[in-house]
Structures are given as C-alpha cells and as structure tokens.
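> The structure that follows is given in the form of structure tokens.
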Amino acid sequence: MVGALTLLGGRPCNVVLVGPRQNPKGAAAVMPGEEGSGPQTQMLSAVLSLFHPRQVADILGMQERAFGACNLPPPGEVDGAP
Amino acid sequence: MQLAAAGRGGRRPVSTQYDIEHFLDEVVTLPSLPETVVRVTQMVENPECRLKEVAAVIAADPALSLKTLRLVNSAYYGLGQHVTTLEHAVVLLGIKVIKNLALTATVFDAFKTGTSVFLRHSIACGALMRTLAESSAVALSRHTNPDEAFVYGLLHDIGKVIIEEFLPAETAKIPAVMRARGVTWYEAERALLGVDHAQVGARLAEKWKLAPQLVHAIDSHHDLSRCADESARVLAASVGVADYICGACGLHAAPEARYAPAEDIWALAGVRSETQPAIFQSFLDQYALVEELVSLAA
C-alpha cells in the first residue's frame, strides 16, 4: 500500500506499507533526496518525528488493518465518505 | 426555542434548529441513573465508607450485581481467579474500581439501543483512554487514573444514543449531510439540529452527577474552546486523540463517521509521533479483551 502526504516542514513523502508493525521494515518513507540526489528511503520508525501525530495514527492504523492480526476492519471496508 | 430554517412561500424547512435547553425540555428525555449506582457513587465519595457497605448495596440489586460480576470476571480485568461475591470483588479491586464497573454495566444497558459498531467504538475508546492513562509519556496519566480514563472513553459519545433514540429520522440524514458538505458527524449534527452529541452527552453526565471533569471532557471532545479548565482540556484532548486513533483503526462510531480533530489536541494530550508505536502496541495487545467486553455488553 502506498500513500502520499506532506511532512511537517512541507516536503512531500510517499509512505509504503508492506508488512505488519512488528517488522521494522514493514513501513517505509520515501522522500526527495538532497539537491542533485535521488529519493531517499528510510524505515518509518526512524523518521517518525518528521510526521504530524495525526499522520502517524493514520499510517499505524492502516498498517494494522492491512497486515495485523487483531481482525480490525480491512482498509476500505468502513471507509468511504470523506 | 425551536427555530425552523424556513424558506419563503410555504416551502418546507431544510432542518429544525434547536437550542440545547429546548432540546432537553421538549425533544428528549435523559435517562436516570439507577438508584443503586447513585448510592454507590455517593458512598465512594465518603472517605469513611466501608468496603462491605458498598458491596452490600450493589449485592441488593441482583441484576446490577450479576452484570458487575461478569465484568469483574472478564479477562479484560485480568484477576486470574473467579470471583463470586461483590464483597470479594471489592476487596480485590477497591471500591472506586467497583463503582466504575457498576457504572460501566449501567452504560452497557443504555448502549443496547445503539449498534454493535457504536458499542465497539465506545469500548475501544475506553480501552485506548486506559492505555493513555497508563503511559507516563503522555499527559493523561497526570490527570486521572486508568479506571476513570476508561469511563471517559466509554461515555464520550453517549449523546449519540440519546439523539438517535428520540430523533431516528434526523439521525438517518446525518451521513448524507456529511457527504454533501464534506463535514464530520458532529458538524452535520449541528447543521441539522443546532445541537450536538457532545452537548447532550455532557448534560446526561451532569444529570447522573458524574465528576465535573467528565462532564467537561464529554462536552469539549470535539471543541476544546468549550472548556477553560486546564485539566479538563487535557482530558477532552485525550478523548479526542483516542477517538481519532480508534477511527484510524477502522473502529468508527458509525460506518460513515469521520473525525477531523483540532490541531492542538495532540500537543495538549502530550501524544507525540515518536510515542505512538508504543501506544498502538499496548492498545492492540489487549484488543482481544476489548472484543470480550463487546460480547458481554451486547
């Protein structure tokens, strides 16, 4: 799963979810690199401070719903209206 | 005073705008707290109250006694032994916890008119508030204890049950208003009715003579400007955070419900981005127990 958002400070970022929360590599943040370099990919857990708490709640919630073992409603099941 | 948003030339009004006093006087009837729970709440406030006396009052109400013991024996409260008497329960858990359990059992009865989705949301919010209150990393732990925090989360949306019971047709219109205007449930309520579930829930908590902090937290959980007391603002902000995180986990109060929290609730609640993984871990570790409470309450 991939989601685009804007970090604190205004930089664009793509968050990629590939596995459960318990796996440190289960979520990654892809951000523009420094001028002249390509995009940077980092484990989400290493760059949490770049995100607003509301964004972190959205990401962790979606990760649990998509890959977790708690039988939470899967993504899209109860979402819909903005 | 009931105001109709009327057009001219005899056109039907789009909505009926109430003010809260008229709403409570003419439209809804707030339920009373059972006498047993009222007595127990008063007794717990008395520092000279004895455990046996509290247990005896609850035990004299067979229905409440049974429901309270079911909660005591649930895995969520993790006693590790089967408790068969209120007196034993009070010795193990203390009178304040038992008071909260009796109140919880009463609220579960009130929730029976709500949907299972709503019930799950309310209990999940209670569990998440308990998690926040157990964390020294967030502000809530300095303002309340985990058992009281559970009640804050459990009760925060009780006003929705009241509104839906007395105005089912208007409640059914809320999702359409949300979609048409791109607003939250709370905003759609105010657009349709002029009042909202936070106001109604707060008045119910007042009628039930619950702690003033709880009344303020319910009233302000969508609008912190309704509350000036600093501690109550922390409680309300924490409820707002718990509400949002439950929604992020797909545990909305209704399938169509959305929540757009004020930006300052996270700072006021002391919930930082870096501390959220631990909060999620703690909450989700006990989620199976939350489902057990949902089945007990249904």
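> So which residues in segment B:253-298 are among the hydroxyl-bearing types (Ser, Thr, Tyr), in a helix (DSSP H, G or I) and under 30 Å from residue B:180 (Cα atoms), if there are any at all?
none
> Give segment B:152-168 a look and list any residue that's open to solvent by less than 30 Å² (accessible area, probe 1.4 Å) and farther than 16 Å from residue B:221 by Cα, or say none.
B:161, B:162, B:163, B:167
> Within segment B:137-176, work out how many residues are assigned to a loop (DSSP other than H, G, I, E, B) and over 29 Å from residue B:16 (Cα atoms).
Summing the residues that are assigned to a loop (DSSP other than H, G, I, E, B) and over 29 Å from residue B:16 (Cα atoms) in segment B:137-176 gives 5.
> With the condition being under 23 Å from residue B:254 (Cβ atoms) and either modelled with pLDDT under 90 or out of contact with any strand residue (DSSP E or B) (no Cβ under 7 Å at 6 or more places or on another chain) (or both), I'd like the helices (runs of 4 or more DSSP H) fully within segment B:51-132 carrying at least 1 qualifying residues.
Fully inside segment B:51-132 and qualifying: B:95-111.
> Let me ask you something else. Taking segment B:169-216 only, how many residues are over 15 Å from residue B:151 (Cα atoms) and open to solvent by 10 Å² or more (accessible area, probe 1.4 Å)?
The total comes to 24.
> Taking the condition of being part of a helix (DSSP H, G or I) and buried (at least 22 other Cβ atoms within 10 Å of the Cβ), how many residues in segment B:217-243 meet it?
The qualifying residues number 16.
> Sort out which residues of segment B:261-276 are crowded, with 19+ Cβ neighbours inside 10 Å and within 11 Å of chain A (Cβ to nearest Cβ), and write them in order of number.
Within segment B:261-276, B:261, B:265, B:266, B:269, B:270, B:271, B:273, B:276 meet the criteria.
> Something else about it: Conditions first: (1) in contact (Cβ under 8 Å) with a residue 12 or more places away in the chain; (2) facing chain A (nearest Cβ under 9 Å); (3) part of a loop (DSSP other than H, G, I, E, B). Residue B:250 passes all but one, so which condition is the exception?
Unmet for residue B:250, out of (1) in contact (Cβ under 8 Å) with a residue 12 or more places away in the chain; (2) facing chain A (nearest Cβ under 9 Å); (3) part of a loop (DSSP other than H, G, I, E, B): (1).
The values are calculated or read from the model by the stated rules, or taken from the named source; none is laboratory data. Bear in mind that the values here come from a model prediction, so they are computed numbers and not experimental data. Heads up, the Cβs are rebuilt from the backbone with ideal geometry, glycines too, and the neighbour counts pull from every protein chain shown. What goes into the accessible areas is simple: the full protein's heavy atoms, side chains included, and nothing from ligands, DNA or RNA. Shrake-Rupley method; radii C 1.70, N 1.55, O 1.52, S 1.80 Å.
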